[in-house]
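*Asks:* This is the structure I want to talk about, given as structure tokens.
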Amino acid sequence: MAFWAFSWILIPIAGILFGAFKEWLSFKEKQLQLGESTEHLETKVNDLLKKLESSESEKSALLSRLQNLETIVTSQVWDVLLDEEKSAETKKLEIEAAKPAITIPPIDEDEAREKAEQLARRLRV
């Protein structure tokens, strides 16, 4: 009989415990959603960092090639080719004199880059 006298207290306590459990479940659900979105964002950031690194290396390679091409274009041979006042024979003789420095770049890009660098070094002197 003593137990039934205080049983009316169990109903509000059960309600409070049920509410707390419900809040805890919603908290865990939000925590899982945030964890998934954090992992998703982390993979996106890692992908972007990889792309940035590859674009930086491509940029430096293109800059090097551009500098070599600028050297070639500003060389005396280029000036001879574009000089309209010189006759074709004079141009041909001057180009023949510089011919050892000019090579046809192969199709392979690495070899072409090396050849352009060598040509640029020769023309800088």
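The values are calculated or read from the model by the stated rules, or taken from the named source; none is laboratory data. Since we're looking at a predicted model, the values are computed, not measured. Every residue, glycine among them, receives a Cβ derived from its backbone with ideal geometry; neighbour counts consider all protein chains shown. For accessibility, only protein heavy atoms count, side chains too; no ligands or nucleic acids. Shrake-Rupley method; radii C 1.70, N 1.55, O 1.52, S 1.80 Å.
*Asks:* Of everything in the range 48-66, what is under 9 Å from the mean Cα position of the chain (by Cα) and open to solvent by less than 80 Å² (accessible area, probe 1.4 Å)? Give them in sequence order.
*Replies:* Residues satisfying the conditions are SER54, SER55, SER57.
*Asks:* Among the numbered criteria (1) open to solvent by less than 60 Å² (accessible area, probe 1.4 Å); (2) free of Cβ contacts under 8 Å to residues at least 24 places away in the same chain, which one does VAL45 miss?
*Replies:* Failing condition for VAL45: (1).
*Asks:* Given the condition more than 24 Å from the chain's Cα centre (by Cα), modelled with pLDDT of 80 or more, among the hydroxyl-bearing types (Ser, Thr, Tyr) and open to solvent by less than 100 Å² (accessible area, probe 1.4 Å), answer yes or no: does some residue in the range 88-105 qualify?
*Replies:* Within the range 88-105, one or more residues are more than 24 Å from the chain's Cα centre (by Cα), modelled with pLDDT of 80 or more, among the hydroxyl-bearing types (Ser, Thr, Tyr) and open to solvent by less than 100 Å² (accessible area, probe 1.4 Å).
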